[in-house]
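Remarks on the structure that follows.
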Amino acid sequence: MPSDAGPLDALRHVRPGPVLRMGRLHFPDTPEGNLALAVAIARILAAPERAVGPEDVWEFVDREAAHDVASFRDAQAQSRQIGAKWSGGPLARIAAPTLALHAERDPLIRPSAARALAAAAPNARLRVMPGAGHLLTREHWAPYADQLHAHAMGS
């Protein structure tokens, strides 16, 4: 989200449909319900044509359960993320090379957010990851890592 976007302005970059769908999800607070909830959220956040199943989220759910955490059950998490404020200075003062990555098929955040962020930071580069959604599924881990590596190496 661009640093100059206040809570109301940030809404222009967020697609409301997925937020509303996530708000309507209800599953029992059991290990099975946690897995079903995580799958439902992953399906909302993945690229629209990506089939998501339990195999895509079970490891995450198990890791959280081992620490008595279920972050996807936090009803206020989405609001905190949308309303999160940039605590640094203006993006225009960034001196380091900057890379803004955005998922081409992100059902939650519009590309306008990445374009605005890249435009606000001097010499920033915007890269759109083909086929990726808001949820980074395994097939996009390597391409994202490649983009970060190339950026770190200055290419």
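The values are calculated or read from the model by the stated rules, or taken from the named source; none is laboratory data. This one's a predicted model, so the numbers in the text were calculated from it and none came from an experiment. Please note: Cβ atoms are built from the backbone with ideal geometry, for glycine as well, and neighbour counts cover all protein chains shown. These accessible areas exclude ligands, DNA and RNA; they are computed on the full protein's heavy atoms, side chains included. Shrake-Rupley method; radii C 1.70, N 1.55, O 1.52, S 1.80 Å.
Data overview
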item: Filter result (of a type outside the set (S, T, N, Q) and surrounded by fewer than 16 Cβ atoms within 10 Å (Cβ to Cβ)) within segment 100-125; result: E104, R110, P111, A119, P122, R125
item: Any hit, segment 83-94, residues being of a type in the set (A, V, I, L, M, F, W, C), assigned to a loop (DSSP other than H, G, I, E, B) and open to solvent by 80 Å² or more (accessible area, probe 1.4 Å); result: yes
item: Scan of segment 8-22 for residues that are under 17 Å from the mean Cα position of the chain (by Cα) and either modelled with pLDDT of 90 or more or surrounded by 12 or more Cβ atoms within 10 Å (Cβ to Cβ) (or both), ordered by number; result: A10, L11, H13, V14, R15, P16, G17, P18, V19, L20, R21, M22
item: Test result for P143, at pLDDT 90 or above and part of a helix (DSSP H, G or I); result: yes
item: Residue list for segment 34-69, restricted to those being touching a helix residue (DSSP H, G or I) at 6+ places or on another chain (Cβ under 7 Å), assigned to a loop (DSSP other than H, G, I, E, B) and either surrounded by fewer than 16 Cβ atoms within 10 Å (Cβ to Cβ) or modelled with pLDDT under 75 (or both); result: G53
item: Residues satisfying the stated conditions in segment 107-155, i.e. farther than 23 Å from R43 by Cα and of a type in the set (S, T, N, Q); result: N123, Q147, S155
item: Any chance A114 is at pLDDT 90 or above and under 18 Å from L135 (Cα atoms); result: yes
item: In segment 101-127, the residues that are outside any loop (DSSP other than H, G, I, E, B) and closer than 22 Å to V19 by Cβ; result: L101, H102, A103, I109, P111, S112, A113, A114, R115, A116, L117
